[in-house]
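Quick notes on the structure that follows.
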Amino acid sequence: MTGSPGDGGLLPRCLDMIFNSIGPFQAKRFVFKLDDKNGVDVQCEVDALLERQKRDAMPVPKTPSAKRQIDPEFADMINVQDHCKVEEVDEDNVYSVFVSYIEIYNNYIYDLLEEAPFEPIKPKWNSCNTPVRNGDFIPPQSKILREDQNHNMYVTGCTEVEVKSTEEAFEVFWRGQKKRRIANTQLNRESSRSHSVFIIKLAQAPLDADGDNVLQEKEQITLSQLSLVDLAGSERTNRTKAEGNRLREAGNINQSLMTLRTCIEVLRENQMYGTNKMVPYRDSKLTHLFKNYFDGEGKVRMIVCVNPKAEDYEESLQVMRFAEMTQEVEVARPVDRPLCGLTPGRRFRNQAFREELSRKLEMRGGPINGETEEQSVSEMFLQNFPPLPSCELLDVNDDQMLPKLIEVLEKRHKLRQMLSEEFAKNVLAFKTMLQEFDSSVVSKENSTQGKLYEKDKTIAGQKVELERLEKKIKTLEYKIEILEKTATIYEEDKRNLQQELESKSQKLQRQASDKRRLEARLQGMVAETTMKWEKECERRVAAKQLEMQNKLWVKDEKLKQLKAIVTEPKNEKPERPSRERDREKPVQRSVSPPPVPNAPPVRLRHRRSRSAGERWVDHKPPSNLPTETVMQPHVPHAITVAAASEKALAKCDKYMLTHQELASDGEIETKLIKGDVFKTRGGGQAVQFTEIETLKQESPTGRKRRSSPSNPDPPEDAPDSEWTDVETRCSVAVEMRTGSALGPGYQHHAQPKRRKP
């Protein structure tokens, strides 16, 4: 803000720019006088002179004088090398500069130029390190913000000093700078504890028509304002180690800066999205004071100071983000109004007239010499007449002098008559010329009036045409606006439709990919299902063929029994040959009828022939009991295990599980469940069960069951051949099927049991 010795800062450069531009056009002191309502009045020269005399009579002048010596403490700061100025300054106006200096401390406004008994910020201390009690001490009073008639915010009761040079203005600033509140923190030896505002007001008023005095009209006065704000930096308590009053000051500083950020964010949101949110200016005195600047009554410029140290990275990052956000806020510039309708350049014309008048007076020697010159001109006119002789009459009888005098007078009379006649002729000619000139002027006036009338008619027609064209332009502008809005709506609809079309196309692509994936999956499932059902059909056909063979075998057995019953005598009870005899002399089964020519071929299964030369896994659970039967299951080249394992299955081609359960007659029934071992796609081993062999023990005295007759009421003389054993009564066909209760690939086919009557 102030700069360093030899390199002036923002404040001295601004002051130097202002006074270099308005230097020769400044008004005398007290010509402009500020009122208490943020306005300015113009005083006449007499009142301004009285004010100046009153100031000179005071023992200590309140306003600095340009003749006083500059304080060496800040002399180097205001020595700006760049002499810049504004070129387009209206020379027909007079200017005056007023400065004031305030600070915002703990959200209160204080006047730094206010006169006080002694320094209120640095009170006197005694040897006991306690402040001295002084009855004359009056603490500084905070100022109030108010709004003037033009809705501009200002500080009431603030001291405003009229200055005439950069040195005077900076001296006033330095006087207030000494009263500003500063303190020592962990990061800064002289840390600002408040926001300071140095206000520069420029009063401007036009000169009168003669270019001598200021125009005494308050409406023609323009008051401009430049506010240089030095914001206190935001602080982090963990770094500054602030306590007590310093902590309270830091909290108020951060709160005011946060309010400023909030106001700028709301302004940006209102401009970007067209909203009308209320900007919270009144939350802080800082934003409330400059409310008009953000509302469009001026320009706002922000200079950000950052520290390149790595320790201040977080603070610098936040400040740069805040500065980036402020660049997106646009403040409308107000339109400058013209001052007055007086002729421009009147100041310099008046000065040139005065200089020329004084020069002529010096050449002529004053107004008296001018009268003598006029007399000499008349004398020169009389010298054209003949000179008169000496008219002394020494004697009464002198006859020579009188005739000479009479002759000279006659000549002069004749010359006078000639001059009179010539003058009359000249007057007549001049009158004639005047009459001719009058007639020509009248004719020219008539022609000019006719031309002016025609021009007026043309201008009136052009005005009508202009009004028509303006109306047409307004209509076309309205239509263009409507078309632009319609085009915007159509563009929005087009954008929405394109987005919808893109989303639909993406959805269709996803559906098509899902459809292709589903088709591939369905084709795989159909192929798998087809293969599965083909295998199932083959298995069912084989099972059906086996079942039919079993049925044929049962019928053959029944026919054999029926034949034996018919051929044997009735008093003898038929006896079923024992198991050993059946095995020794197996009954020849009748040949089953040939298959139907259209039936598919059936793959016959050979139960025992397939086990020769193959490796088996003999799975015998430890819970099985020894049967001590003569016939025991024996599989050569078998690996006997107590529990099935993948290692054993990988070495063999066949699998056999020995399973024991209790039959309905209380005997132990041993089942040998056989299956094929094959490799799976995952690299493991799987077993598909193919057949079951049953080993069962029976008592030789066991009672044979009676099969249920097909006729519910058999005749009394029915033969006893219906008493058969279990093997004769029913036939069992065992086949394996995936998903059955006995394991993968197990299915039980049997005839339904007949209930006894």
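The values are calculated or read from the model by the stated rules, or taken from the named source; none is laboratory data. Since the model is a prediction, treat every value here as computed from it, not as a measurement. Note that each Cβ is placed from the backbone with ideal geometry, even for glycine, and that neighbours are counted across all protein chains shown. Quick note on the areas: whole protein, heavy atoms, side chains included, nothing else; ligands and nucleic acids left out. Shrake-Rupley method; radii C 1.70, N 1.55, O 1.52, S 1.80 Å.
Could you state the accessible area per residue of the range 466-527 in Å², with a 1.4 Å probe and every protein chain left in place?
Averaged over the residues of the range 466-527, the accessible area is 96 Å².
Of TYR313, TYR273, which has the most accessible area with a 1.4 Å probe, and how do the rest follow in descending order?
Final ranking, largest accessible area leading: TYR273, TYR313.
Choose one of ALA642, PHE678, PHE689: the residue whose Cα lies farthest towards the positive end of the charge dipole of the range 614-692 (beta-carbon charges +1 Lys, Arg; -1 Asp, Glu; about the Cα centre).
PHE678
Could you order peptides 356-362, 635-641, 406-412 by the average number of other Cβ atoms within 10 Å of their residues, highest first?
635-641, 406-412, 356-362
Which order do LYS474, LYS544, LYS551 take by accessible area at a 1.4 Å probe, largest first?
My answer, sorted largest first, is LYS474, LYS544, LYS551.
Any idea of THR530's accessible area? Nearest 10 Å², probe 1.4 Å.
The accessible area of THR530 comes to roughly 60 Å².
In whole Å, how far is the Cα centre of the range 481-502 from that of the range 657-698?
Cα centroid of the range 481-502 versus Cα centroid of the range 657-698: 78 Å apart.
Fully extended, how many nm does the chain gain between GLU445 and ILE303 (0.36 nm per residue separation, minus their Cα-Cα distance)? Walk me through the numbers on the way to the answer.
Details: separation 142, 0.36 × 142 = 51.12 nm, distance 6.67 nm.
Computed gain between GLU445 and ILE303 is 44.4 nm.
Determine how large the accessible area of MET418 is when every protein chain is in place; take a 1.4 Å probe and give Å² rounded to the nearest 10.
MET418 exposes around 120 Å² with every protein chain in place.
For the range 425-438, just list the computed ³J(HN,Hα) in residue order, Karplus coefficients 6.51, -1.76 and 1.60, θ = phi - 60°, integers in Hz, with x standing in for Gly and Pro.
Each residue of the range 425-438 in turn: 4, 4, 5, 5, 5, 5, 4, 4, 4, 5, 5, 4, 5, 5 Hz.
For ARG236 and LYS414, compute 0.36 nm times the residue count separating them, minus their Cα-Cα distance, and round to one decimal in nm. List each step's numbers first, then the result.
Working: separation 178, 0.36 × 178 = 64.08 nm, distance 11.62 nm.
Contour length minus Cα-Cα distance gives 52.5 nm.
Heavy-atom accessible area per residue, the range 632-680, 1.4 Å probe: how many Å²?
Per residue, the range 632-680 has 58 Å² of solvent-accessible surface.
Give me the extension gain from LEU695 to GLU502: residue separation times 0.36 nm, minus the current Cα-Cα distance, reported in nm with one decimal.
Full extension from LEU695 to GLU502 adds 62.1 nm.
So if R0 is 51 Å, what FRET efficiency would ILE144 and LEU469 give, r being the distance between their Cβ atoms, rounded to the nearest 0.05?
0.40
Tell me the net charge near SER503. Cut-off is 14 Å between Cβ atoms, SER503 excluded, with +1 for each Lys or Arg and -1 for each Asp or Glu. Mind showing how you got there, number by number?
Numbers: positive: ARG495, LYS504, LYS507, ARG510; negative: GLU500, GLU502.
Value of the local net charge: +2.
Please compute the net charge surrounding LYS291, taking Lys and Arg as +1 and Asp and Glu as -1 over other residues with Cβ under 10 Å from its Cβ.
Residues near LYS291 contribute -2 overall.
Just by accessible area at a 1.4 angstrom probe, what is the order of LEU202, LEU452 from largest to smallest?
Details: LEU202 45, LEU452 95 Å².
The ordering from most to least exposed comes out as LEU452, LEU202.
Suppose R0 equals 22 Å. What FRET efficiency, 1/(1 + (r/R0)^6) with r the Cβ-Cβ distance, do LYS85 and PHE348 give to the nearest 0.05?
Calculated transfer efficiency: 0.75.
For the range 197-288, what class follows from the C-alpha gyration tensor (a ≥ b ≥ c being the square roots of its eigenvalues): rounded when a/c is under 1.5, otherwise prolate if a/b is larger than b/c, else oblate?
Oblate is the answer for the range 197-288, as a/c is 1.5 or above yet b/c matches or exceeds a/b.
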